[in-house]
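No lab work stands behind these numbers, since they all come straight from the coordinates. Keep in mind that what you see is a predicted model, and the values were worked out from it rather than measured. Virtual Cβ from ideal backbone geometry, glycine too; neighbours counted across all protein chains shown.
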Amino acid sequence: MGLLPVNTLLQEYLTVSKETSSEIEEKKSKFIASVKPVLKEEEALEFINAIKTRYWNATHNVYAYIIQGSSLVQRFSDDGEPSGTAGVPVLEAIKRTGVINAVVVVTRYFGGIKLGASGLVRAYGKSALTGLEKSGIVKMRLCTEYGIKLDYSSLGKVQSFISDMGYNIIDISYTHEVEIRAYIPEIKSSDFEKSIINLTNAKVSLIRGSSLYAPA
């Protein structure tokens, strides 16, 4: 999964881990939920249009998305279904999982049996929730990227410390010295630097990189 741009208002948040699709059937109507993580509204709209093109002969392509950038954006569409019976249940399913930066399109192929307002609400909500659960939920955490240059003699204890703390080691390079690249939660960065300096008796070079969101 790609790293997301930083919104400094959030230390961590939940989102979907990958693009997926899932299918359910309700009274002979087929509901296909297409789910994707997105970083901005333009990406959500591109995905919605792509799904509409893919399922051009569907009865309805209902959608909803929640995106957190400099402000929170929430949108939904019933796409011709009775007001409140389609887009809102899809949006509520997203809220129920607690995810943001995600778009869900629920495609319906009418099976000949009317579901009624309550039936539509249940079907669209169930389809969206099934799709979201299949996509997998991941926690993204605001981190600082560090380059840690040290002697081979300190590698074992530093590597163990980073792993024991649950932080993400991205890469280790071996030359005349060792360089570890790691993502450290931003709120822990000061304590992390002090711990690494103590572990290596100050025989270390810490290169502080950019801030980004990474899977926790």
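Angle of helix 189-199 to the longest C-alpha principal axis of the chain, folded into 0 to 90 degrees and rounded to 10: 40°.
Could you work out the longest stretch of the chain that avoids the trypsin sites (Lys or Arg not before Pro) located in DSSP loops with at most 15 other Cβ atoms within 10 Å? Please report the intermediate quantities before stating the final value.
Values: sites that count: Lys18, Lys27, Lys28, Lys40, Lys114, Lys203.
Longest stretch, sites excluded: 115-202.
Across the stretch 28-42, computed HN-Hα scalar couplings (Karplus, 6.51 cos²θ - 1.76 cosθ + 1.60, θ = phi - 60°) run 6, 7, 9, 10, 10, 9, 10, 10, 8, x, 9, 9, 8, 4, 4 Hz from first to last residue, x flagging Gly and Pro. Taking label positions 7 Å along the Cα-Cβ direction at both Ser211 and Lys40, the computed distance is 1.9 nm, reported to one decimal.
Run the numbers on the chain and let me know its relative contact order in percent, using alpha-carbon pairs under 8 Å that are six or more apart.
On the way: 464 pairs, mean separation 53.5, N = 216.
Result for the chain is 25 percent.
Once the C-beta distance of Ile24 and Ser71 is scaled by a Förster radius of 35 Å, the resulting FRET efficiency is 0.55 to the nearest 0.05.
Averaging the Cα positions of each part gives two centres, and for the stretch 39-83 and the stretch 84-139 these lie 12 Å apart.
Could you work out the helix-only [θ] at 222 nm for the chain, with each DSSP H run of four or more residues adding -39,500 (n - 2.57) and the total divided by the number of residues, to the nearest 500 deg cm²/dmol? Let's see the in-between values first.
Numbers: 5 runs with 69 residues, N = 216.
So the helix-based figure for the chain works out to -10500 deg cm²/dmol.
The amide H of Ala216, built 1.01 Å from its N in the peptide plane, has Lys139, Met140, Arg141 as neighbours under 5 Å, considering only residues 5 or more places off or on other chains.
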